[in-house]
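Input: a single structure, listed below in structure tokens.
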Amino acid sequence: MEIIPARKTDAPAIAKTVMMAVGDEISLSFAGTPDRLPLVTEVFTRLAESENSQYSYTNTLVALTPEGKVAGAIVSYDGAELHRLRREFISVANEVLGMDMREEEFTDETSSDEVYLDSLCVFPEYRGQKLAGRLIEAACRRHVDAGKPVGLLVDPDNPRARRLYESLGFREVGQRPFAGVMMHHMQLMQQDC
């Protein structure tokens with residue numbers, strides 16, 4: 001499989017990546033009711049099509065099968081850009097979901113002193129091929145000039161993901177909340193990528 005920068009046309013796959021990465025519980029909480037889940041998909045698809053959101057195709061690498069199908073993706077960006085990038089998220093979510101979110105209501109899941117691996121997902125039919133590790137390594141290489149450690153959050157209820165990150169050299173440096181859930185904050189130094 002080939003790992004390349006995402007294209008705008010990959011937006012539906014990026015939206016699927018983000019929703020699978022955050023999980024069903026958080027997606028449903030965001031939607032409010034199951035019948036509103038398609039609206040959440042619309043939010044993340046629009047954000048992936050944008051050039052000014054944290055979930056933008058410009059912040060994403062995709063793994064392509066030889067047939068050109070997206071097998072997985074990773075969204076990453078400099079943590080110093082979070083507040084600027086999140087404005088688009090708030091705007092689109094408020095518009096599509098009829099919400100009234102404000103920047104000050106958010107707790108930061110990353111900080112300006114790291115590159116953040118925001119969302120990672122390998123679609124089920126392509127798992128077991130070490131693709132997640134390859135996507136992480138490609139994202140690390142993409143941000144090597146930032147000179148910052150690479151950080152991510154992992155759910156305490158996902159020991160399999162944690163084992164993957166540890167096998168790549170990530171170490172827990174603390175905890176941070178995401179969508180009301182306390183997560184393990186892990187980092188990898190750039191020289192270890």
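The values are calculated or read from the model by the stated rules, or taken from the named source; none is laboratory data. Since this is a predicted model, take the numbers as computed values, not measurements. Reconstructed Cβ throughout: ideal geometry from the backbone, glycine too, with neighbour counts over all protein chains shown. SASA here: full protein model, heavy atoms, side chains in, ligands and nucleic acids out. Shrake-Rupley method; radii C 1.70, N 1.55, O 1.52, S 1.80 Å.
Rounded, prolate or oblate: pick one for region 5-84, where a ≥ b ≥ c are the square roots of the eigenvalues of its C-alpha gyration tensor, a/c under 1.5 means rounded, and failing that, prolate if a/b is larger than b/c, else oblate. Oblate.
Here region 26-139 is treated as an ellipsoid with the same Cα gyration tensor; its semi-axes, largest first and in whole Å, are 25, 19, 12.
For the chain, the share of accessible area belonging to carbon and sulfur comes to 49 percent (1.4 Å probe, ligands and nucleic acids excluded). With θ taken as phi - 60° and the Karplus curve 6.51 cos²θ - 1.76 cosθ + 1.60 applied, the whole-hertz 3J(HN,Hα) list for region 89-103 is 4, 4, 4, 5, 4, 4, 5, 6, 9, x, 8, 9, 6, 10, 3 Hz, x standing for glycine and proline.
Annotation: amide H of Tyr116 within the under-5 Å range of Tyr77, Asp78, Gly79, Gly151, sequence separation 5 or more or interchain, hydrogens built in the peptide plane.
Maximal additional length on extending the Tyr126-Ala80 stretch stands at 13.3 nm, based on 0.36 nm per residue less the C-alpha distance. Charges were assigned to the Cβ only: +1 to each Lys and Arg, -1 to each Asp and Glu. The resulting dipole of region 91-193 about its Cα centre is roughly 720 debye.
Remark: relative contact order (the chain) = 20 percent; criterion is Cα-Cα distance under 8 angstrom and separation of 6 or more residues.
Using a probe of 1.4 angstrom and keeping all protein chains present, the accessible surface of region 5-86 works out to 43 square angstrom per residue. When +1 charges are put on Lys and Arg Cβ atoms and -1 charges on Asp and Glu Cβ atoms, the dipole computed for the chain relative to its Cα centre reaches about 580 debye. When the Cα positions of Val115, Ser76, Leu64 are compared along the charge dipole of region 63-116, Leu64 comes out farthest toward the positive end, with charges on each C-beta of Lys, Arg, Asp and Glu. Test of understanding: extend the Cα→C-beta vector of Met189 to 7 Å, then name every residue of region 121-157 with backbone N under 13 Å from that spot. 148-150, by backbone N distance to the label point.
For Ser50, the residues whose amide H sits under 5 Å from its own are Tyr57, ignoring neighbours fewer than 5 places away on the same chain, with H placed 1.01 Å from N.
Remark: region 34-42, residue by residue, has Karplus-estimated 3J(HN,Hα) of x, 5, 9, 4, x, 5, 5, 4, 4 Hz, where x stands for each Gly or Pro and the curve is 6.51 cos²θ - 1.76 cosθ + 1.60 at θ = phi - 60°. Annotation: aspartates and glutamates with alpha-carbon distance below 19 angstrom to Lys69 (same-chain offsets under eight excluded): Glu2, Asp10, Glu49, Glu125. Within the chain, the proportion of C-alpha pairs whose separation exceeds 27 Å stands at 23%. Using the Karplus relation 6.51 cos²θ - 1.76 cosθ + 1.60 with θ = phi - 60°, the per-residue 3J(HN,Hα) values for region 113-128 come to 8, 8, 8, 10, 8, 6, 9, 9, 7, 10, 5, x, 5, 10, 6, x Hz, with x marking Gly and Pro. Label zone (Ile4, point 7 Å along Cα-to-C-beta; backbone nitrogen cut-off 15 Å) within region 29-59: 58.
The antiparallel fraction among DSSP beta bridges confined to the chain stands at about 95%.
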